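Trainee: The structure is given below, and queries will be raised subsequently.
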Amino acid sequence: MGAGRRLFLALWPTDEFRAQIQASTLAIARASGGRLIPPQNYHVTLLFLGEVPAESVGAIQEASARLAGSPAFELRFDCIEAWGRKLLCLTSSTPPAAASDLAAGLRSSLSSYVQRPEAHEFRPHITLARDLARGRRSEKIDVLCQKVADFALVESVRDASGSQYSLLARWPLS
């Protein structure tokens, strides 16, 4: 048995969209008193797999590839919410059905690889800060839009500076 790899499937924003997010949310994220997430780590998790055996990566890629060609969509982020004092998130008040369908399809296709099944329904969000110093109310912001044309398998490696993400594979949406 090989070493485990910490994997998740995600929507991976463009560098331009990451810059828009940072410009629009940095003051609010700083005011939360939390640990800021670096813009290169912004993403929308579709399915967190957790630690999986290295020899399972190929099967995970094959199962994920079956959802290539799912409908493309646009994500419209319009709110910043504190989820307790743990997370500050950029959220969408009107998530598109295609995003929820993609997440559900991946959850179904990869259920045997998920270590901790999600107890809640998929809700698109981008984490801006962790370990908030204080709670805060939800806040509407000017809409930030991202056209989503693909999804990715991502590996997370933790080190002293936090989590480093590597894209292992990407699949197009139609």
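Trainee: Show me 31-37, 7-13 ranked by packing, highest mean number of other Cβ atoms within 10 Å first.
Mentor: 7-13, 31-37
Trainee: Relative contact order for the range 7-142: what is it in percent, counting Cα pairs under 8 Å that are at least 6 residues apart?
Mentor: That works out to 35 percent.
Trainee: Enter the Cα centre distance for the pair the range 119-158 and the range 48-71, rounded to the nearest angstrom.
Mentor: 21 Å
Trainee: Counting residues in the chain as N, plug N into 2.2 N^0.38 Å and put the Cα Rg over that result.
Mentor: 1.02
Trainee: Counting Lys and Arg as +1 and Asp and Glu as -1, what is the net charge of the other residues whose Cβ lies under 12 Å from the Cβ of E155?
Mentor: Once all neighbours under 12 Å are counted, the net charge is +2.
Trainee: Using just the helices of the chain, give the 222 nm mean residue ellipticity in deg cm²/dmol: DSSP H runs with n ≥ 4 each add -39,500 (n - 2.57), and the total is spread over all residues, rounded to 500.
Mentor: -7000 deg cm²/dmol
Trainee: R116 to W83: FRET efficiency via 1/(1 + (r/R0)^6), r the Cβ-Cβ distance, R0 25 Å, to the nearest 0.05?
Mentor: Efficiency at R0 = 25 Å is approximately 0.90.
Trainee: Next question, about the same structure. Within a Cβ distance under 14 Å of Q164, other residues only, what is the Lys/Arg minus Asp/Glu net charge?
Mentor: Surrounding charge for Q164 is +1.
Trainee: Shifting gears a bit: With only alpha-carbon pairs counted, each pair once and no self-pairs, how large is the Kirkwood hydrodynamic radius of the range 13-110 in angstroms?
Mentor: 15.7 Å
Here, each number is a calculation from the coordinates, and none is a lab measurement. From a predicted model like this one, the values you see are computed outputs, not experimental measurements. Note that we place each Cβ from the backbone using ideal geometry, even for glycine, and neighbour counts take in every protein chain shown.
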